[in-house]
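Undergrad: The structure is given below, and queries will be raised subsequently.
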Amino acid sequence: MSEDRRLLQDLVLAQSTTQRAGHLREDPEALAGLTDRLFVHVGPQGARIDGAALVWETIPCPDNAVTFLGVEGDTAFFACHHVASEEPDGWRDLRQIGSRLEARDVGLMVSAVALDNWRRSHAHCGRCGTQTWDADAGWARRCPECDHLHFPRTDPAVIVLVRDGDDRALLGRQAQWAEGWFSTLAGFVEAGETAEAAVVREVREESGVHITPDSVHYLGSQPWPFPSSLMLGYHAWTDDPSTDPDGEEIAEVRWLSRDELRSACQSGEVRLPPRISIARMLIERWFGEPIPSEWGRN
Ligand SMILES: [Zn+2]
């Protein structure tokens, strides 16, 4: 426990270089006055990509809704929401492209995709069912009937690498995953629950391993807008390595030492989550050195 406890570094989707400039969302005149305007196209299949770069255009798309994403210097960035992605070849999912984009574009695309998913599934008022309209430059939707203002939702989820007295790591395989695919344990925070309690509960439900709230140590977070999660990353410790996986969500769990993980990955017996995930970074932090890309399952 006497190790370096800095937060996780280099989380792919946690990068951001632009200012959100929230004060401009409710100031249409100031927003219109930003003459350097760039638009990125987002839709059900992600965003429009050329090579490993987002395509930014100066021409807005008049038939589509637009969200103000932020500013950098004199340039304002907007998302242009497409009902359907009409040219599948040029569109890429954030999960495919995220680790290859520059920091500025990752930050903007994460917000654009999160907002696009939200507006696609929240077109009607949750109170009275009336169709809602854009407000606050795309960061809210107002109901014209009951005047309720709806904001984009973010669902907190916890993700945890559990370590035992021999400093082995607990990894699990989800029932729907291929043989050999392993990751850290994760689950949503329930209504009225703290994040720490969710870690304790999820670990127990999925693996049968008992941990206590005071062993749960927060390491960092990254947005995961598929469709609307915020992943809160933890390490936790237990003295009792006995396991009892639930068999429904988690098919099997394994305790692995660093040497065992290395040989299992080198032989292809175990495959780890992709670089873009916080799970990968939680494993890498415990492992103590960068994990080779060929150990990942992408
Ligand atoms: Zn309403």
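The values are calculated or read from the model by the stated rules, or taken from the named source; none is laboratory data. All figures in this text were calculated on a predicted structure; none of them were measured in a lab. Positions of Cβ are generated from backbone atoms using ideal geometry, with glycine treated the same way; all protein chains shown enter the neighbour counts. Accessible surface areas use protein heavy atoms only, side chains included; no ligands, DNA or RNA. Shrake-Rupley method; radii C 1.70, N 1.55, O 1.52, S 1.80 Å.
Undergrad: What are the semi-axes of the equivalent ellipsoid of segment 157-245, taken as the square roots of 5 times the eigenvalues of the Cα gyration tensor, listed largest first and rounded to whole Å?
TA: So the equivalent ellipsoid measures 19, 17, 12 Å along its semi-axes.
Undergrad: While we're on this one: In segment 231-291, which GluC sites (Glu not before Pro) fall in coil by DSSP and have 14 or fewer other Cβ atoms within 10 Å? If you can, show how the numbers build up before the last one.
TA: On the way: sites: E248, E249, E252, E260, E269, E284; in loops: E248, E249, E269.
Here the sparse-neighbourhood loop sites are E248, E269.
Undergrad: Among the trypsin sites (Lys or Arg not before Pro) within segment 149-249, which fall in a DSSP loop and have no more than 13 other Cβ atoms within 10 Å of their own Cβ? Walk me through the numbers before you get to the answer.
TA: Values: sites: R153, R163, R168, R173, R201, R204; in loops: R153, R168.
Answer by residue number: R153.
Undergrad: Do any GluC sites (Glu not before Pro) in segment 39-146 lie in a loop, going by DSSP, with at most 14 other beta-carbon atoms within 10 Å of their beta carbon, and if so which?
TA: Working: sites: E57, E72, E86, E102, E145; in loops: E86, E102, E145.
Answer in residue order: E86, E102, E145.
Undergrad: Shifting gears a bit: If you project the alpha carbons of segment 12-121 onto their three principal axes, what span does each projection cover, largest first, in Å?
TA: Computed over segment 12-121, the largest-to-smallest principal extents equal 36, 30, 26 Å.
Undergrad: Go from 0 up to the bin containing the longest alpha carbon distance in the chain, width 10 Å each, and give me the % of pairs per bin.
TA: Cα pair-distance distribution for the chain, in percent: 6, 24, 29, 22, 14, 4, 0.
Undergrad: To the nearest 10 degrees, how steep is helix 103-121 against the longest Cα principal axis of the chain, on a 0 to 90 scale?
TA: 80 degrees
Undergrad: Continuing with the same structure: With every protein chain left in place and a probe of 1.4 Å, what is the accessible surface of L149, to the nearest 10 Å²?
TA: The accessible area of L149 comes to roughly 50 Å².
Undergrad: In Å and on Cα atoms, what radius of gyration and Dmax does segment 119-270 show?
TA: 19.7, 62
Undergrad: Against the longest alpha carbon principal axis of the chain, how many degrees, from 0 to 90 and to the nearest 10, is the axis of helix 195-207 turned?
TA: 50 degrees
Undergrad: Sticking with this structure for a sec: Suppose R0 equals 41 Å. What FRET efficiency, 1/(1 + (r/R0)^6) with r the Cβ-Cβ distance, do R297 and V55 give to the nearest 0.05?
TA: After rounding, the FRET efficiency stands at 0.90.
Undergrad: While we're here: At 10 °C and 1.306 mPa s, grab the translational diffusion coefficient of segment 219-298 from Stokes-Einstein with a Kirkwood Rh over Cα pairs, rounded to a whole number in µm² per second. Please list the in-between numbers first.
TA: Working: Rh = 14.4 Å.
For these conditions, the coefficient is 111 µm²/s.
Undergrad: Now, a different point. If each DSSP helix of 4+ residues adds -39,500 (n - 2.57) and the sum is divided by the residues in the chain, what number results at 222 nm, nearest 500 deg cm²/dmol?
TA: It comes out at -6000 deg cm²/dmol, rounded to the nearest 500.
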